[in-house]
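What follows is calculated from the coordinates using simple rules that are stated; it is not laboratory data. These numbers come from a predicted model, not from an experiment.
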Amino acid sequence: MGLIVWLWQGAVLAAGVIGGGILLARCAAGFFGLSVPALLHALRLDPKIAAGPVTLALTDICTLLFYFSLAAWLL
């Protein structure tokens, strides 16, 4: 998406924010998707019930923080 913004609009900084935000969000989703169920299993809780909502909430919070932080820093 960042490449499309860069080629279509010519906005390098906006493309960096969008591409960087998506990259960081995907990394956070992978990290939380692996660590939250493992943590719940280690705590002897049922990871099938709580892992989905907890992982989604943490990933959404981090995604918003990544986008807004990158935008404030680069733009």
Using only Cα atoms and rounding to the nearest 10 degrees, what angle (0 to 90) does helix 47-74 make with the longest principal axis of the chain?
20 degrees
What do you get for the angle between helix 12-42 and the principal long axis of the chain? Use alpha-carbon atoms, 0 to 90 degrees, nearest ten.
0 degrees
Contact order normalised by length for the chain, with contacts defined as Cα pairs under 8 Å and 6 or more residues apart; what percent is it?
36 percent
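Ignoring everything except DSSP H segments at least 4 long, calculate the 222 nm mean residue ellipticity for the chain; use -39,500 (n - 2.57) per segment, divide by total residues, nearest 500.
Values: 3 runs with 67 residues, N = 75.
Computed ellipticity for the chain at 222 nm equals -31000 deg cm²/dmol.
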What label, among [x] 33, 11, 8; [y] 23, 15, 12; [z] 33, 16, 10, belongs to semi-axes √(5λ) of the Cα gyration tensor in Å computed from the structure on display?
[x]
